[in-house]
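The values are calculated or read from the model by the stated rules, or taken from the named source; none is laboratory data. This is a predicted model, so every value here is computed, not measured. Heads up, the Cβs are rebuilt from the backbone with ideal geometry, glycines too, and the neighbour counts pull from every protein chain shown.
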Amino acid sequence: DFRVKLTHQSRDELGELSKSIQKLADDLEHTKKERMEFLAAISHELRTPLTYLSGYSSVLKRDDLSAQDRQRYVSILEEESTRLTELVKNLFDLAQMGETTFTISKESVQSSPFFSNVLQRVEPSFQLEEKYLQLSIREEFEMFVDPVRVEQIVINLLDNARKYSPIGSTTRMDVFLQDGLTVIRIEDEGIGIHPLNFELIFEKLVRVEKSRSREYGGAGLGLAIVKELVDAHGGRIEVISDVGKGSVFTVIL
Ligand code: ADP
């Protein structure tokens, strides 16, 4: 009787052990997948400023640039180098903490100077492609956000608006306060997104329609990063779009 009991117990323990091992293996596999996705996301984030750096460096070599344009491009190079440095620093912090999620540190930020500054940074890339960018700040207000992350959110959304819009089109960014929440609305006149893909585009590594991917380049990570940063702020992001007419992305923080 005693032996039978023991055997039963051992069998239970073995069962438990094998379950634990399986869970450990699953966790490891999950972590590995997360790591890979995280690395891919970081490469994407590094590539954007690098594109600016190489683009504007070659423009600066031209002889026919006005002193004013030259000055502007040098400022962009400076700002993008700073952005890269910040990204690498964040990456280093994350690596040290052994974490794979974004950390945010909120502070009080004045809406007008903040969004004007972000716009100035992005505007030249629109001009180079003969596309227009308009900012309307309905009122001056104070936000409690992580300015570095919100800048990342806005830059990623504006980069997409530019990438997926034709020459001569206008992207409009509207910033306002609604029920005490900051609303950032970005409307483009681009190729649009099919309603079936409204949720999908926020997933990591998703690019809707293969033919598009080849034409426009990109890894399908920009919006996944945007979503994570918005989530980290406890906010939300919405999209509405008409294929062939344009898209509206709304971030509420
Ligand atoms: P990437 O642009 O690098 O492919 P994103 O995660 O930023 O990755 O976007 C995912 C997909 O969503 C894009 O491949 C594109 O098909 C679609 N998309 C995103 N923004 C827009 C936009 N403003 N207009 C049209 N399609 C868009």
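Taken over region 149-164, the criterion of being more than 11 Å from the ligand (Cβ to nearest atom) and modelled with pLDDT under 90 is satisfied by Arg149, Gln152. Residues of region 205-253 that are more than 8 Å from the ligand (Cβ to nearest atom) and at pLDDT below 80: Leu205, Lys210, Ser211, Arg214, Glu215.
What do you reckon, is Ile137 of a type outside the set (Phe, Trp, Tyr), buried (at least 21 other Cβ atoms within 10 Å of the Cβ) and over 22 Å from Lys245 (Cα atoms)? Working first, answer last.
Numbers: of a type outside the set (Phe, Trp, Tyr): yes; buried (at least 21 other Cβ atoms within 10 Å of the Cβ): no; over 22 Å from Lys245 (Cα atoms): yes.
In short, no.
Tell me which of these Ile104 doesn't satisfy, since it passes every other one: (1) part of a helix (DSSP H, G or I); (2) at pLDDT below 90. Failed condition: (1). Within region 226-253, the residues that satisfy the criterion of being buried (at least 18 other Cβ atoms within 10 Å of the Cβ), aliphatic (A, V, I, L, M) and outside any strand (DSSP E or B) are Val226, Leu229, Val230, Leu253.
Residues in region 107-120 that are in contact with an Asp or Glu (Cβ under 6 Å, 6 or more places away or on another chain) and within 18 Å of Arg162 (Cβ to Cβ): Val118 alone.
Here the condition is being in a helix (DSSP H, G or I), modelled with pLDDT of 80 or more and over 16 Å from the mean Cα position of the chain (by Cα); of Ser10, Ser20, it holds for Ser20 alone.
If you scan region 174-204, which residues turn out to be in a helix (DSSP H, G or I), within 19 Å of the chain's Cα centre (by Cα) and over 17 Å from Lys163 (Cβ atoms)? Before the answer, list the steps.
Within region 174-204, the subset in a helix (DSSP H, G or I) is 195-197, 200-202.
The next check asks that each one be within 19 Å of the chain's Cα centre (by Cα); those that pass are 197, 200-202.
If the condition is that a residue be in a helix (DSSP H, G or I), within 19 Å of the chain's Cα centre (by Cα) and over 17 Å from Lys163 (Cβ atoms), then Leu200 is the only one that fits.
Only one of these is under 14 Å from the mean Cα position of the chain (by Cα) and free of Cβ contacts under 8 Å to residues at least 40 places away in the same chain: Glu142, Glu151. Name it. Show your work before the answer.
Details: Glu142 fails: under 14 Å from the mean Cα position of the chain (by Cα).
Just one listed residue meets the conditions, Glu151.
Reported count of residues in region 55-71, each being part of a helix (DSSP H, G or I) and surrounded by fewer than 10 Cβ atoms within 10 Å (Cβ to Cβ), is 3. State yes or no: is Asp159 within 18 Å of the chain's Cα centre (by Cα), closer than 13 Å to Ile240 by Cα and touching a residue at least 24 places away in the same chain (Cβ under 8 Å)? Taking the combined requirement at face value, the residue does not satisfy it.
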